[in-house]
Each structure stands twice: as structure tokens, then as C-alpha cells.
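Have a look at this one.
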Amino acid sequence: MTTKNETVLTVDDEDTIRRLLYQKLTSEGYKCLTASNATEAMEIIKSQDVSLAILDIKMPGLSGMDIFPEIRTISPDTAVIMATAISDTDTAIACMKLGAYDYVTKPFKLDAVMMSIERALEKRRLVLDNRDYQQHLEIKIKDQAEKIRSSFFNAITSLAYALEAKDSYTIGHSQRVAETSVSIASAMELPVAAIEQIRLAGLVHDIGKIGIRSACLNKAGNLTEEEYTHIKTHPGIGERILSPITEDREILRIVRHHHEHFNGSGYPDGLKGEEIPLGARIMALADAYDAMTSLRPYRKAMTDKEAWEELKRCSGTQFDPEILAVFSRVNNNT
């Protein structure tokens, strides 16, 4: 379907051809421009939005063949049809291989020319419509991703409130662990996306404690073997709680493995060394440091010096030595 805002440029050194195409195109509702040489044509292309150009392959001076690549560079959305004598069809076909839509032969049959123009413009419209659709689709996908992210944050907040109601210590602890983990990850120059995963995992790393008996969480004395075994189920419970609300496998892995030990003696899976996700190794250190320097129901808080001595003692067994070295630099405890 012809649209009134589509502009067709005819470039030909023969005045008769220019007038013939001008009259036919304007009668069909197109805005028509003409140029008698390549220089005029390029000035028009640079200054106006040209939907389609009909280029004479052979003209005095620069030919349509000469300016075709420049048009493709300056105005890539301009459709191009080559006008040629029958003897030059091989050249016209070569132009089509470079991106021209079609070629028409002289002397023109106006109905055939118009059909070629309409097909070329229809293809151009489809290309532009598809591009517009893709751009809007990207925006929609971005908006949807933001909604999903917001929903995830809301779910995490709700879970955090639920855990806080059960264990008031945990919520402040999780926030501090998240902040410390991010500072370590940033000092290690991890990608922004990885740091965000670590931050989110830090906020919910203990969410599985919702499934732990309050008597165990708040017990002032030593835990029995059965109680300690029960406590050790919280990383797996946390993973199961979070699985329905996030598809981010790395967050789930960090939550599950933040109590693994570097030498393989941790839980729940006894992973060791680099088998343990990097984010979980970072969080294990931040988690232990905050736990040691915080008041707990069963013991008083360690001093910062005492906590650092314990971290160094467990380097290579419970903690990744390289991560401990980074944490030491971040906290000026070299």
C-alpha cells in the first residue's frame, strides 16, 4: 500500500526519463525527487529521508554503480533499484548481490517499474516494522525482567521479615554478611553481575533457618549431636525455599554451600577447594567473621583481634587462603 510520506529519488542524466518517472510516481501518490547526476543525488540523500532511489547505472562522471556503496553507508534504509540498458544486466545483477533490491531495463515499461518500486518499498516497510518491533520487544523484555527482579526483592523481604520474627539476630547478621561479601568480591574485581548475585545471596543465606526449631536456634548451652545435625540442614532448606522464586542457579548454589570448608570438612555436601562456588567461599569467610564478632545466645562476642586470629588459624582448612588475604587487605589487617 502506497504511503504519502514515502519519497522516491530518480537519478538519471536523461531529462525525458526523469520527467516520465516523476509524472508516474506523483500520480501514484509518492513524493518524487529527481537528480541529473551523482553529485546532486548525494546532496539529496544526505539532506532528506529518501525511501527509495532509482539509479542509472551509466551516467557521465560518477555513475549509479559508483555512488551505490556510498548510499548504502549514508542511508542504509534507502531501498535501491538499478536502471540499466539490456546490455548491462550483468552489472545490475552484481549490484543486487551488493544489496540493491532489483533492476529495471530501458526502455522502461512503466507498469513493470511501478511493480518493482512497490515491492521494494513493501520489503523496506517490513524491515523497518520488524526493527521497530524488535526494539519495542527489547524494552518489554527489560521491563519484564525488572518486574521479576522487583518481585524477587519483595519475596526476599517477606522471607527476611519471617526469619526476623523467629530469630532477631539473623536479619542484621545477613545484612552485614552481604556487605562484607560484596566488599571482598569488589576487591577481587569480580564482574558486576557476580557481585550482585553475591549480595542477594548474602541477604538470604540463612533463610533456611525458618525451618529450624527455635529451641536449637536460641539455645544458650552446647548443642547435642542431634541438634547440631538439625542445624546443618538449614542451607539445603534455604535452597528449597528460594528455588520457586529465583531461577538464578548461582544464588541458590551460594546459599546451599556457604558452610562448606576449604578442606572438604564442611556441609551439606563436603565440597572442597574450587569445587565450592567462589561466592560461597567468600560468604563462608564473611559469615564466620560476623558470627564470631557478634553476641550470640551461647557465647559473648569475640574482639576483632581474636576473630582475626581464629580466621588465620583456619586458613587453608575452613577458609580459602587467597580470599582471606583479600579480606585482610580490605580490612587493613595485613
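What 222 nm value per residue comes from the helices of the chain, counting each DSSP H run with n ≥ 4 as -39,500 (n - 2.57) and dividing by all residues, nearest 500 deg cm²/dmol?
Computed ellipticity for the chain at 222 nm equals -19000 deg cm²/dmol.
Which ³J(HN,Hα) values in Hz, rounded to whole numbers, follow from the phi angles of region 300-308 under the Karplus curve 6.51 cos²θ - 1.76 cosθ + 1.60, where θ = phi - 60° and Gly and Pro get x?
Per residue, the Karplus-derived 3J(HN,Hα) values read 7, 6, 6, 6, 4, 5, 5, 5, 5 Hz.
What whole-number distance in Å separates the alpha-carbon centres of region 1-71 and region 108-163?
If you average the Cα positions of each part, the centres end up 32 Å apart.
Quick one: work out the % antiparallel among DSSP beta bridges in the chain, nearest 5.
Of all bridge pairs located within the chain, approximately 5 percent are antiparallel.
If you don't mind, there's one more thing I want to ask. Please list 37-46, 126-135 highest first by mean number of surrounding beta-carbon atoms within 10 Å per residue.
Packing order, densest peptide first, comes out as 37-46, 126-135.
Return the carbon/sulfur percentage of the accessible area of region 7-137, one whole number, probe 1.4 Å, all protein chains in place.
52 percent
Quick query: amide H of residue 79 versus all other amide H atoms, modeled in the peptide plane; which residues come in under 5 Å with a sequence gap of 5 or more or a different chain?
For residue 79, the qualifying residues are 52, 53.
Once you've got the GNM for the chain with C-alpha springs shorter than 10 Å, pick whichever of 91, 317, 293 has the biggest mean-square fluctuation.
In the Gaussian network model the winner is 91.
Order 215-228, 194-207 from most to least packed using the mean count of other Cβ atoms within 10 Å.
194-207, 215-228
Tell me the angle of helix 64-74 to the major Cα principal axis of the chain, expressed in degrees between 0 and 90 and rounded to the nearest ten.
Approximately 30 degrees, to the nearest 10.
What is the set of long-range amide H partners of residue 31 at a cut-off below 5 Å, with H atoms built 1.01 Å from backbone N?
For residue 31, the qualifying residues are 6, 8.
Once you wrap a convex hull around the alpha carbon atoms of region 132-279, what is its projected area averaged over all directions, in nm²?
With every direction weighted equally, the projected area is 10.4 nm².
Restricting to Cα pairs below 8 Å that are 6+ residues apart, what does the relative contact order work out to for region 7-137? Please round to a whole percent.
20 percent
What are the ³J(HN,Hα) couplings of region 181-196, residue after residue, when phi is run through the Karplus curve with 6.51, -1.76, 1.60 and θ = phi - 60°? Round to Hz, x for glycine and proline.
4, 5, 5, 5, 4, 5, 5, 7, 6, 6, x, 4, 4, 5, 5, 5
For helix 110-166, what angle does its Cα long axis make with the longest principal axis of the chain, in degrees from 0 to 90 and rounded to 10?
Approximately 10 degrees, to the nearest 10.
I'd like to check one number: the per residue accessible area of the chain, probe 1.4 Å, reported in Å² as a whole number.
Solvent-accessible surface per residue comes out at 53 Å².
Next question, about the same structure. Positive end of the dipole of region 249-334, charges at C-beta (+1 Lys, Arg; -1 Asp, Glu), about the Cα centre: which of 308, 264, 318 has its Cα farthest in that direction?
With unit charges placed on the Cβ atoms, the residue in question is 308.
Would you please report the Å³ per residue occupied by the convex hull of the alpha carbon atoms in the chain?
202 Å³
Quick one: which residues, 5+ away or cross-chain, put their amide H under 5 Å from the amide H of residue 85? H built at 1.01 Å from N.
106
Mind checking which lysines have their Cα closer than 18 Å to the Cα of residue 219? Skip sequence neighbours fewer than 8 apart in that chain.
Result set, ordered by chain and number: 166, 209, 232, 300.
Roughly what angle does helix 321-330 make with the longest principal axis of the chain, taking Cα atoms, 0 to 90 degrees, to the nearest 10?
Its long axis makes an angle of about 80 degrees.
Over region 1-49, what lengths in whole Å, largest first, do the semi-axes of the equivalent ellipsoid take, defined as the square roots of 5 times the eigenvalues of the alpha-carbon gyration tensor?
In descending order, the three semi-axes are 18, 15, 5 Å.
Right, next: Count charges around residue 124 for me, please; just the other residues with Cβ under 13 Å from its Cβ, Lys/Arg as +1, Asp/Glu as -1.
-4
Using each residue's phi in region 201-216, evaluate 6.51 cos²θ - 1.76 cosθ + 1.60 at θ = phi - 60° and report the 3J(HN,Hα) Karplus result to the nearest Hz, with x for Gly and Pro.
Whole-Hz 3J(HN,Hα) from phi for region 201-216: 4, x, 5, 10, 4, 9, 4, x, 5, 4, x, 9, 4, 4, 4, 7.
The values are calculated or read from the model by the stated rules, or taken from the named source; none is laboratory data. Since the structure is predicted, the reported quantities are computational estimates derived from the model, not experimental observations. Backbone-built Cβ (ideal geometry, glycine too); neighbour counts: all protein chains shown. Areas reflect the complete protein model, heavy atoms only, side chains present, ligands, DNA and RNA absent. Shrake-Rupley method; radii C 1.70, N 1.55, O 1.52, S 1.80 Å.
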